[in-house]
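Notes to accompany the following structure.
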Amino acid sequence: MTESTVPPLANGSVSLRLYPHDGPAAEQLNEVRELASRAVEVGYDGVMVSEHHAGFPGYFPNPQQMAGFLLAAMPFGWAAPCPLLLPMKPFALIAEEVAWLAAAFPGRVGAGFASGALPVDFELAEVPFDEIGPRFKEALPRLVAALRGEADGSLADDRAIAACADHPVPMVAAAQSLAAVRRAAGLGLGILYDSLQAVDHVRRLSDAFDEAGGTGPKILIRRVWIGGPPGEAVDNQLDIYRSYAAQGTMARWDQGANTVLASDGAEAAEQLHAEMTATGTDTINIRIHVVGLAPDYIRDQLDRHEELVGTLKRLLSGSPRLS
């Protein structure tokens with residue numbers, strides 16, 4: 001076991017996305033804490049958790065809080081609530097929560113932000129769904145400034161926000177369009193892609209990000225199965241994504257390219273590296289989970305990832321952008 005010292009969301013980092021299994025809340029918490037600890041032990045630099053509400057299958061409603069639970073259980077490595085749904089509440093409250101999490105775990109917290117896509121999330125927050133895009137665009141630069149210690153007004157008096165001036169929180173934004181990647185580049189953010197975006201679409205976005213002066217991580221998301229996929233569970237997961245994705249979003253999906261199937265970790269790493277090269281990305285977030293799988297299967301898969309992570313990191317170390 002080699003302790004990773006890679007900063008949160010850093011270019012070239014290799015992270016794992018964590019999800020709850022179907023069970024009581026206490027069991028979900030215990031399981032995901034064990035997975036987070038095991039993930040960094042097999043070589044992952046950190047873990048991510050993302051946000052949906054109202055018991056939406058496979059997600060947590062409180063990724064900032066969840067990241068704190070995970071970090072307390074992890075012997076090392078970072079955790080990032082990524083992405084958070086920025087229009088869910090005032091940006092200043094999100095900034096305070098992330099900043100205090102970063103104060104509790106110095107150098108081990110990152111964050112990512114998205115506008116959202118699932119109407120029930122915003123019904124619970126009493127936010128009109130047709131306002132989430134404008135709210136996201138208005139709030140993002142203010143939130144980014146706050147988590148760099150550059151807040152205006154009374155928010156600047158918060159001690160954890162003020163500490164971000166010396167220890168800014170690493171951040172990324174979800175990106176599915178040219179406008180989104182250019183916005184992120186202009187704010188000095190990295191970008192986080194959707195797991196189902198087609199290779200050629202991601203490449204166009206990556207090139208646009210670079211042309212706009214972006215220097216942060218370009219994070220590809222891929223699901224990995226070593227020893228064969230769990231059959232119909234993958235199709236069930238896609239059905240869940242289809243239940244809330246816009247038609248324009250689905251038109252940019254490549255349902256065959258988002259899952260890497262391999263006989264061992266080294267083969268999986270080679271495939272992932274090839275996809276990163278094709279998409280112009282330099283950083284990766286890996287998923288094991290699909291809805292309906294038993295926790296034992298996820299743990300078994302994760303135990304096979306030591307070779308995957310080690311091989312992929314060696315391949316990435318030769319990238320001109322990273323070296």
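The values are calculated or read from the model by the stated rules, or taken from the named source; none is laboratory data. Just so you know, these numbers come straight off a predicted model, no measurement behind them. Cβ: placed from backbone, ideal geometry, glycine included. Neighbour counts: every protein chain shown. Ligands, DNA and RNA are stripped out before the accessible areas are found, and what is left, the full protein with its side chains, is counted by its heavy atoms. Shrake-Rupley method; radii C 1.70, N 1.55, O 1.52, S 1.80 Å.
Brief remarks follow.
- In Å, descending, principal axis extents of the Cα set of segment 76-209: 43, 34, 28
- Volume of the convex hull of segment 69-148 (Cα atoms only), normalised per residue: 91 Å³.
- On the beta carbon distance between Ala278 and Asp22, with R0 = 35 Å, the FRET formula returns roughly 0.50.
- Heavy-atom accessible surface of the chain: percent carbon and sulfur, 1.4 Å: 52
- Other-chain or far-sequence residues with amide H under 5 Å of Arg287's (modelled H): Arg17, Arg222, Arg223, Val224
- Relative contact order [Cα under 8 Å, 6+ residues apart], segment 33-150, whole percent: 25
- Proximal lysines relative to Lys218, as straight alpha-carbon distance under 22 Å, when same-chain residues fewer than 8 apart are discounted: Lys137, Lys313
- Note: relative contact order over segment 41-102, using C-alpha pairs below 8 Å and six or more positions apart, is 34 percent.
- Derived scalar couplings between HN and Hα for segment 11-19 equal 3, x, 6, 10, 10, 10, 8, 10, 9 Hz in order, rounded to whole Hz, by the Karplus curve 6.51 cos²θ - 1.76 cosθ + 1.60 (θ = phi - 60°), x for Gly and Pro.
- Helix 265-279 axis, angle to the chain major axis (alpha carbon atoms, nearest 10°): 50
- Label-point separation, Phe76 to Asp264 (7 Å along Cα→Cβ), nm: 2.6
- Rounded to 10°, Cα long-axis angle of helix 25-41 versus longest principal axis of the chain: 70
- Applying 0.36 nm per residue to the separation of Thr5 and Ala104 and subtracting their alpha-carbon distance, the gain on full extension is 33.9 nm.
- Rounded to whole Å, sorted largest first: equivalent-ellipsoid semi-axes of the chain, Cα gyration tensor: 27, 22, 21
- Once the Cα-Cα distance is subtracted from the 0.36 nm per residue extended length, the Arg159 to Thr215 segment shows a gain of 17.3 nm.
- Residues with amide H under 5 Å from that of Phe60, placed H, sequence gap 5 or more: Ser50, His52
- Here is how the number arises for the chain: DSSP H runs of 4 or more residues each give -39500 (n - 2.57), the sum is divided by the residue count, and the result at 222 nm is -13000 deg cm²/dmol.
- Taken along the Cα-to-beta-carbon direction at a fixed 7 Å, the label points for Ser317 and Glu34 span 3.2 nm.
- The chain, accessible area per residue, ligands and nucleic acids excluded (1.4 Å, Å²): 41
- If both residues of a DSSP beta bridge must be in the chain, then about 5% of such bridges are antiparallel.
- Along each principal axis, Cα extent of segment 32-105, largest first, Å: 37, 31, 15
- Nearest 10 degrees, 0 to 90: helix 63-73 Cα axis against the chain principal axis: 60
- Percent RCO, i.e. relative contact order, over the chain, from Cα pairs under 8 Å lying at least 6 residues apart: 19
- Ordering of 261-267, 58-64 by packing is 58-64, 261-267, highest average first (other Cβ atoms within 10 Å, averaged per residue).
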